[in-house]
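Right, one structure below, let's go through it.
The values are calculated or read from the model by the stated rules, or taken from the named source; none is laboratory data. None of the values given here were measured: they were computed from a predicted structure. A quick note on method: Cβ atoms are made from the backbone with ideal geometry, for glycine too, and the neighbour counts reach across all protein chains shown. Quick note on the areas: whole protein, heavy atoms, side chains included, nothing else; ligands and nucleic acids left out. Shrake-Rupley method; radii C 1.70, N 1.55, O 1.52, S 1.80 Å.
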Amino acid sequence: FVKHFPGGAQKTRLAWVPGTSDSQEIIHPTPGHASNVLLVGQVTDVRDDRIHALKAATHALGGGMSARLMSVVRGEEGLGTYGIYAYVHEGPDHPAFLLVNGTFSPDAAEEGASTVLGIIREWMEHGITEEELENYKTHMAGPRAMTLDNPSKLVSVHHENALLGKDPQEEWDQIPQRAQDLTLENVNATLTSVFNPNHFKIV
């Protein structure tokens, strides 16, 4: 389809077509390499304000060193992960989708993948805690400030919101209040209704 921009500019964009929601696993052996990469993804139907609840929930899952994935996989289990994080992505041509990205040493890859999938299932089925939500509300100011770190990041954030059809300045100004307005009930109800552990795409 054709996307229209302010000032009359046009750009042809490919339309996003959803695939099946069945679970799928793809394995590509990489002999001789020093790391194994695990990707777990799932598409949603979210194109509305539920995205804010999903971002808060995903922060608890894999938003940093103290999030569930890193604290359990590396901290509690002592498995050789180089890093493991979770993100919710928005786009102008598709609904939001979840991506979990982890890198393991080869000897920890199989156990690491099993542990990660267990953590994600627990998160999807039971939600997050009040403490995790409050942590998101308190600490999200840091990453937000980092988007002002240099002109490139600032322009990128501006364009991301513009492509989503949103007013960049308005979106930026509303971030703190939207976070504070989130309730645990809303976040968990959204999380458990949107995601389904049986619909993982795993590479």
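On C-alpha positions alone, give me the angle between the axis of helix 50-62 and the longest principal axis of the chain, in degrees, nearest 10. The angle comes out at about 30 degrees. Rolling a 1.4 Å probe over the protein heavy atoms gives the chain an accessible area of 58 Å² per residue.
Of 105, 114, 66, the residue with the largest accessible area leads and the full order is 66, 114, 105 (1.4 Å probe).
Just to confirm the number: angle between the C-alpha axis of helix 109-126 and the first principal axis of the chain, 0 to 90 degrees, nearest 10? The helix 109-126 is inclined about 50 degrees to the chain. Other residues within the sphere of radius under 15 Å centred on the Cβ of residue 53, judged by their own Cβ, net out at -4 (K and R +1, D and E -1). Mind checking which of 194, 154, 174 is farthest towards the positive end of the range 81-203's charge dipole, using Cβ charges of +1 (Lys, Arg) and -1 (Asp, Glu) about the Cα centre? Positive-end residue among those listed: 154.
Lysine pairs in the chain 8 or more apart or on different chains: how many have alpha carbons under 21 angstrom apart?
On the way: 3/11; 3/166; 11/166; 55/137; 55/153; 55/166; 55/201; 153/166.
Lysine pair count for the chain: 8.
Considering only the other residues whose Cβ falls under 13 Å of the Cβ of residue 43, what net charge follows from Lys and Arg at +1 and Asp and Glu at -1? Around residue 43, the surrounding residues sum to -2. Given a 1.4 angstrom probe, I'd like the percentage of the accessible area of the chain that is carbon and sulfur, rounded to a whole number. Reported share for carbon and sulfur atoms: 54 percent. Under a plain spin-label model, where a point goes 7 Å from the Cα along Cα-to-Cβ, how far apart in nm are residue 198 and residue 171? Between residue 198 and residue 171, the label points sit 3.5 nm apart. Helical runs (DSSP H, four residues minimum) scored at -39500 (n - 2.57) apiece and divided by the length of the chain put the mean residue ellipticity at 222 nm at -13000 deg cm²/dmol.
Any idea what angle helix 130-139 forms with the longest principal axis of the chain, computed on alpha-carbon atoms, 0 to 90 degrees, nearest 10? Tilt relative to the chain: about 50 degrees.
Computing P(r) over Cα pairs in 10 Å bins from 0, in percent for the structure here picks out one of [x] 7, 20, 15, 12, 12, 11, 8, 5, 3, 3, 2, 1, 0, 0; [y] 9, 37, 39, 14, 2; [z] 8, 30, 34, 23, 5, 0, namely [z].
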